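First up is the structure itself, then whatever we jot down about it.
The values are calculated or read from the model by the stated rules, or taken from the named source; none is laboratory data. What you see is a predicted model, and the numbers here were worked out from it, not measured in a lab. Neighbour counts run over all protein chains shown; Cβ positions are idealised from the backbone, glycine included.
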Amino acid sequence: MEFAGLVTQTLVDYPGEIAAILFTRGCNIRCPFCHNPHLLVRTSRNAEPSVTMQEIEDFLQEHKGFLDAVVITGGEPTLHPDLPDVIRIIKGMGYLVKLDSNGTNPVMLQQLMEEQLLDYVAMDIKAPLDYRKYSNACGKLSTEDFFNIRSSVNLLMNSSLQVEFRTTIVPPLHTPEDIEDIAKYIKGAPLYTLQQFNPSVTWDAAYGDVAPYSKEEMQAIADLAAPYVKSIRIVNI
């Protein structure tokens, strides 16, 4: 399993806990607004892991008692078949584990949940759960991945884990009504996070010229979605 990097401390990525972040490389979709384009594909410059598993184990062992949790993000972590082995090691050291995912691998997600290897899952929902709209937001999307995403939403909606759904709101791709439709689809979800689009770094360079919704517009969109979920959060740039 390849690790593209390690953030040694965060107070915001695992609510209520002090966490480290592990980044995996590789993703099976190409959202044009992606803010981590360097993690999407393997190139001659990033072909080797930036951090080895042994280095991660050493770091986590050294920081036991200070750090509470590890956030595994990407890219898309569930593309890596040895992800469960990595999480078993981390859990064995006494850490909480949060997984960030695009939801395209419900089989692995279910395996991790059944083995009680996860404490928190944050799943991105890129668009309303309509294939055409979702494919447009993802840049590319197979029908199999689309139905897998719907399966992952249903799996998490019926889970006892700490669960968060997230949408990055991009003006060319999302209307306020689109976000309301997503909220209706996940009606009763414990937490729905709305992230303001950041044009500073994007997979598709053209999106660097897109002006994000204003903070006032973000609040108005949140007000539309709020009646359908238990809690809503706005993350502005």
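Count, please, the residues in region 209-226 that happen to be surrounded by 12 or more Cβ atoms within 10 Å (Cβ to Cβ) and within 20 Å of Cys31 (Cα to Cα).
The total comes to 3.
With Lys98, Lys140 as the choices, which residue is under 22 Å from Asn158 (Cβ atoms) and basic (Lys, Arg)? So that I can check it myself, show each step before the final result.
Details: Lys140 fails: under 22 Å from Asn158 (Cβ atoms).
Only one candidate passes the filter, namely Lys98.
In the set Gly65, Gly75, which member is surrounded by 15 or more Cβ atoms within 10 Å (Cβ to Cβ) and modelled with pLDDT under 95?
Details: Gly65 fails: surrounded by 15 or more Cβ atoms within 10 Å (Cβ to Cβ).
Just one listed residue meets the conditions, Gly75.
Quick grid of which residues meet (1) of a type outside the set (A, V, I, L, M); (2) under 26 Å from Tyr192 (Cα atoms):
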{"site": "Ser50", "(1), (2)": "yes, no"}
{"site": "Gln54", "(1), (2)": "yes, no"}
{"site": "Lys98", "(1), (2)": "yes, yes"}
{"site": "Val107", "(1), (2)": "no, yes"}
{"site": "Tyr120", "(1), (2)": "yes, yes"}
{"site": "Ala127", "(1), (2)": "no, yes"}
{"site": "Tyr131", "(1), (2)": "yes, yes"}
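Find the residue count for region 178-237, including only residues that are assigned to a loop (DSSP other than H, G, I, E, B) and either under 16 Å from Ile125 (Cα atoms) or of a type in the set (S, T, N, Q) (or both). Even if it seems obvious, please write down each step before you answer.
Step one: list which residues in region 178-237 are assigned to a loop (DSSP other than H, G, I, E, B), which gives 186-191, 197-204, 210-214, 229-231, 236-237.
Among the residues that remain, those that are also either under 16 Å from Ile125 (Cα atoms) or of a type in the set (S, T, N, Q) (or both) are: 186-191, 197-198, 200, 202, 214, 229, 231, 236.
Residues that pass the stated criteria total 14.
Any idea which of (1) more than 25 Å from Pro37 (Cβ to Cβ); (2) touching a helix residue (DSSP H, G or I) at 6+ places or on another chain (Cβ under 8 Å) is the one Asp178 doesn't satisfy?
(1)
Among the residues of region 96-137 satisfying the criterion of being among the polar types (S, T, N, Q) and under 14 Å from the mean Cα position of the chain (by Cα), which is farthest from Ile182 (Cα to Cα)? Even if it seems obvious, please write down each step before you answer.
Of the residues in region 96-137, the ones among the polar types (S, T, N, Q) are 101-102, 104-105, 110-111, 116, 135-136.
Still in the running and under 14 Å from the mean Cα position of the chain (by Cα): 101-102, 104-105.
Working: Ser101: 17, Asn102: 15, Thr104: 17, Asn105: 20 Å.
Only one residue fits best here, namely Asn105.
Just checking, which of Ser152, Ser142, Ser160 is closer than 15 Å to Val121 by Cα and surrounded by fewer than 17 Cβ atoms within 10 Å (Cβ to Cβ)?
Details: Ser152 fails: surrounded by fewer than 17 Cβ atoms within 10 Å (Cβ to Cβ); Ser142 fails: closer than 15 Å to Val121 by Cα.
Every option except Ser160 fails the conditions.
Just to be sure I understand, how many residues within region 108-150 are free of Cβ contacts under 8 Å to residues at least 24 places away in the same chain, among the hydroxyl-bearing types (Ser, Thr, Tyr) and outside any loop (DSSP other than H, G, I, E, B)?
Result for region 108-150: 4.
Give me a count of the residues in region 113-142 that are out of contact with any helix residue (DSSP H, G or I) (no Cβ under 6 Å at 6 or more places or on another chain), of a type outside the set (Lys, Arg) and farther than 21 Å from Lys184 by Cα.
Total meeting the criteria: 8.
Search region 78-104 for residues that are crowded, with 20+ Cβ neighbours inside 10 Å and pair each with any residue that is among the aliphatic types (A, V, I, L, M) and in a loop (DSSP other than H, G, I, E, B) when their beta-carbon atoms are under 6 Å apart and the residues are at least 6 apart or on different chains.
From region 78-104, the pairs are His80/Met1; Val86/Met1; Ile87/Leu117; Val97/Leu118; Leu99/Leu118.
Please state which of the following conditions Phe3 fails to meet, knowing it meets all the rest: (1) buried (at least 17 other Cβ atoms within 10 Å of the Cβ); (2) modelled with pLDDT under 95; (3) under 19 Å from Met123 (Cβ atoms).
Looking at each condition in turn, Phe3 falls short on (3).
From the residues in region 166-177 that are modelled with pLDDT of 95 or more and in a loop (DSSP other than H, G, I, E, B), which one is surrounded by the fewest Cβ atoms within 10 Å (Cβ to Cβ)? Working first, answer last.
Applying the first criterion (modelled with pLDDT of 95 or more) to region 166-177 yields 166-171, 173-177.
Filter once more, so that each one left must be in a loop (DSSP other than H, G, I, E, B): 170-171, 173-175.
On the way: Val170: 23, Pro171: 14, Leu173: 20, His174: 24, Thr175: 12.
That would be Thr175.
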